[in-house]
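Q: Structure provided below as structure tokens; questions to follow.
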Amino acid sequence: SSGDCDDELVKISFDHGLYRDLARYLVERQDGELWARVLNKDEAEDGSEDPQKRQLIDQVVEWALPESTSADEVSCTVKAFMAADLPGELIVLLERIILQGSDFSDNKNLQNLLILTAIRADGSRVAGYIDQLDNFDAKDIALICVSESHMLYEEAYSIYVKFSKPEFMESKEDQSEMQVSAIGVLVDFMKDLERAKTYAAQVDKKPVWSKLGKVQLEEKCPADAIESYINAEDPSEYVAVCAEAREAEIWTEIIPYLVMARKTLQENVLDTELIYAYAKTNNLTELEKFVNGPNVANIQGIGDRCFDEGLYNAAKTLFTSINNNSKLALCHIHLEEYREAVAAAGKANNVSTWKAVCFACLRASEFRLASTCGLEVIKYPDHVDEVVGHYSDLGHFNHLVSLFEQGLGLDDAHIGIFTELGILYTKHVPEKVMDHCKVFFSKLNVSKVVRACENSRLFSPAVYLYMQDKQYDNAVKVMMDRAPAFEHELFLDAIVKVRNAEIMYKAVQFYLSVHPVQFTRLMEVMEPHIDHSRVVNQLRRTGDWALQVGQPYMQSVQGADLSAVNEALNELYIEDEDYELLRKSIDRFKNFNMIAMAQKLAAHELLEFRRISAYVYRCNKKWSQSIELSKGDRMWKDCIDTANESADAEIIENLLRFFCETSEKECFCAALYTCYAHISPDIALELGWVNGYHNFVMPFLIQTFKHNHQRLKALEEKTTPKADEKTEDEIAQTYAGAGLNGFNNGMLMLGNGGPIEPQQMGINNSIDMTGFGVPNGMPPQNVVPGMSMSIGM
């Protein structure tokens, strides 16, 4: 039918129990949707399987499908069971078709489906199916078995073993592939190396051994892996094998493998590892035979490796074969073959080898051989310190000095040899230091030798080297700091050449403290190079005695007229009460605090110093202080000179009055004479008249009249016209035109202003004395009343 009544047919079949007929109909109908409706029928209300569905499935399995001869019917039925997710029923169905004999028993797809369904639903049946079935996809099924979701490793192993037999695989390549896969299951999934080793021995195939060897190598079983690779004659993994063997140190086992590998490969690693294996097993005979034959080994590398690991005999053989004399010498050292080591070093002729052999011979107390090597080493400046350090650490100082003394005779002796010998002399033979410095100064590293001399407290050689190297600053410092190194003349020669001026001032202090007797000589030498003010301040800080020591020096530099020098010397003169030198110093050099000096000397107990104080005040125009000071000491001449120098009329007048008050007539007269130019005649006349000093004032008046007469005469000569220019009438007209009256009431008028008024007479026709401090009409003291003073011309 067309299927329009399928649902009614199914219902009727279920209602009347026609399960076999319905099963035949479903198989023949080949309708996937109908199968789905029937097989996916809802379960009973209590959750149990529908009995009608179970009976229908049983009828399909028992009768309907086995009777069918159509592949399409079988295929559709199987697909329906698969779609309905009925693995158990599907297995039963497939067993009925395949195992109980049918036209489809050898169908590969059905066999694959049966095994796959069993893998999915019931893994315990898989092994049986594998044994019973022969026509299924072995490789694919095995891969599914070993997958992580199923992990049926034994079943997969069984598949590979079964199908690796000749009856299943015609070609040997396919057989070998299945065998490799079988052992792969054992080692990769089951991790059973012993079973895998047994299987490999059973099949005894090279690919199988190779697979086993690789896994054994990965599992850190290098000895078993080497055996497997040897059985497989497979050198492909030689790098990994050599690495694992090296780590496990199985040198005896690795030798056969390397020999096998060299049959087919020519690789550097193989030959190198074989040499190393011979060396580790101390098989020197085979080693020598091998290195002398054709090989591609890295002899240098393996030799270094043997040397580093202490295999010196093997290393010696290897280095001999490649003429590496440097390393060969080191091998001889470790084997305590010192003469052979020196011979090898001579062939190598490089400093590192000479040095190593030298130190080894030194440790072995082979001093002659050590000296031979040492001379070759000290030719190189960079290695001199190391030689010295090694000898010194071992305490062989005499041999060390001897070595460098021999080094002086080398054709290529350098500065380092001479320098180091000088340093060694400072430590061990101090009496030779100075001679060595003088003879070989030009070949020395001065700074290093000087440092060694200072460390050994050999200061005289240090000073000599500083001087020769023109390091005058350092030379002076050493002589100041270290008394044994001091030489006066040498010091004077060096001090003027120093670059740092501060050292000169330190030298000043040094000489003051240690060599005061020679201080003056030092200052003579340093005079052009120092700040004298600073030196004087330094002397002050040291003490008064230092100023006395430095007095000759300060006198020699006083010509520069420096304030500090002048003050210091003046203080010394005052302290020594040497007023003559003090006066000379003040006259010549004015650059000092003169007021302070005057104030200090004003109270001095000695007259001459008080006079100097007054003189200083006068020099600074402190006229009043100077005069007062001189008055106190009755130094009238000083007072008069000071007043005259001041040119101050008031000061002079006060001094004149002071002389009048103290009845110093002679001083009054002397003051008038000395200060004539600055004294107003009326003042002199007044004081002379009031005090009765007519005789003492008369010289002044005479001088005044003379002076006025000379001035008038000079004025007349200056104003008189020349005779050839104007006549007398013209002169008269000139005076008349100017309105100047030459004579007025019989009195000559001389002046620049108007006519002079006639002098008014006081009472009794006396002179008006108001200008002299006397009341008009009153006679002056000491003058008889009624007397009048007349002035005649």
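Q: At q = 0.11, 0.20 Å⁻¹, what log₁₀ I(q)/I(0) does a Debye calculation on the Cα points of segment 506-588 give, no solvent, two decimals?
A: For the requested q values the scattering log ratios are -0.26, -0.86.
Q: Which lysines, if any, have their Cα less than 21 Å from the Cα of Lys706, not counting same-chain residues under 8 positions apart?
A: Here the lysines satisfying the reach criterion relative to Lys706 are Lys718.
Q: Okay, next question. Given R₀ = 56 Å, what would the calculated FRET efficiency be for Arg534 paired with Asn282, taking r from the Cβ atoms and rounding to 0.05? Walk me through the numbers before you get to the answer.
A: Working: r = 85 Å, r/R0 = 1.51.
It comes to 0.10.
Q: In vacuum, with every alpha carbon of segment 398-475 counted as one equal point scatterer, what does the Debye formula give for log10 I(q)/I(0) at q = 0.12, 0.25, 0.26 Å⁻¹? Two decimals, please.
A: These q points yield log10 I(q)/I(0) values of -0.29, -1.17, -1.25.
Q: Give me the one-decimal nm value for the distance between modelled label points at Glu650 and Asn313, 7 Å along each residue's Cα-to-Cβ direction.
A: With each label point 7 Å from Cα toward Cβ, the separation is 12.7 nm.
Q: Follow-up question, since we're still on this one. Once Rh for segment 434-521 is found with the Kirkwood sum over Cα pairs, what is the Stokes-Einstein diffusion coefficient at 25 °C and 0.890 mPa s, in µm²/s? Don't skip to the answer; put the middle values down first.
A: Numbers: Rh = 13.2 Å.
Diffusion coefficient, whole number: 185 µm²/s.
Q: Just how much of Lys427 is accessible, in Å², when a 1.4 Å probe is used and the result is rounded to the nearest 10?
A: It works out to around 130 Å².
Q: Please give, to one decimal in nm, the separation of the simple spin-label points placed at Lys427 and Glu489, each 7 Å out from Cα toward the Cβ.
A: 3.7
Q: Which pairs, out of Lys379/Lys477; Lys172/Lys289; Lys438/Lys506, put more than 32 Å between their alpha-carbon atoms? Don't skip to the end; give the middle numbers.
A: Values: Lys379/Lys477 35 Å; Lys172/Lys289 42 Å; Lys438/Lys506 29 Å.
Cα-Cα > 32 Å for Lys379/Lys477; Lys172/Lys289; rest within.
Q: If you take all C-alpha pairs in segment 260-357, what percent of them are over 16 Å apart? Mind dumping the intermediate values first?
A: Numbers: 2547 of 4753 pairs.
Looking at segment 260-357, the distances longer than 16 Å represent 54 percent of pairs.
Q: Can you give the Rg/Rh ratio of segment 554-599, where Rg is from the C-alpha atoms and Rh is the Kirkwood radius?
A: On the Cα set of segment 554-599, Rg over Rh gives 0.91.
Q: Assuming R0 = 51 Å, what is the FRET efficiency of Glu249 and Met434, from their Cβ-Cβ distance, to the nearest 0.05? Could you put the intermediate results ahead of the total?
A: Numbers: r = 64 Å, r/R0 = 1.26.
Efficiency computed from Cβ-Cβ geometry: 0.20.
Q: Given the peptides 577-588, 302-313, 433-444, arrange them by the average over their residues of other C-beta atoms within 10 Å, most packed first.
A: On the way: 577-588: 15.0, 302-313: 18.4, 433-444: 16.7.
Answer by packing, highest mean first, reads 302-313, 433-444, 577-588.
Q: Sticking with this structure for a sec: Testing the spin-label approximation: label points 7 Å from Cα along Cα→Cβ at Asn268 and Gln703. State their distance in nm.
A: Result for the modelled spin labels: 12.5 nm.
Q: Additional query: Semi-axes, largest first, in whole Å: what does sqrt of 5 times each Cα gyration tensor eigenvalue give for segment 600-687?
A: Working: eigenvalues 108, 36, 16 Å².
Result for segment 600-687: semi-axes of 23, 13, 9 Å.
Q: Using only the C-alpha atoms of segment 542-641, find the volume of their convex hull and express it per residue in Å³.
A: Values: hull volume 9.3 nm³, N = 100.
Each residue corresponds to 93 Å³ of Cα convex hull volume.
Q: Taking the radius of gyration and the Kirkwood hydrodynamic radius from Cα positions alone, what is the Rg/Rh ratio for segment 368-407, to two decimal places?
A: Values: Rg = 9.0 Å, Rh = 9.9 Å.
Using Cα coordinates only, the ratio equals 0.91.
Q: Return P(r) of segment 140-283 (all Cα-Cα pairs; 10 Å bins starting at 0; whole %; ordered from short to long distances).
A: Calculated P(r), rounded to whole percents: 12, 37, 28, 16, 6, 0.
Q: With r defined as the distance between the Cβ atoms of Ser680 and Arg634 and R0 fixed at 30 Å, what FRET efficiency is calculated, to the nearest 0.05?
A: Details: r = 27 Å, r/R0 = 0.89.
Between Ser680 and Arg634 the formula returns 0.65.
The values are calculated or read from the model by the stated rules, or taken from the named source; none is laboratory data. Here the structure is a predicted model, which means the values were calculated and not measured. Glycine also receives a Cβ, built like all others from the backbone with ideal geometry; neighbour counts cover every protein chain displayed. Remember, those area values only see protein heavy atoms, side chains included, never the ligands or the DNA or RNA. Shrake-Rupley method; radii C 1.70, N 1.55, O 1.52, S 1.80 Å.
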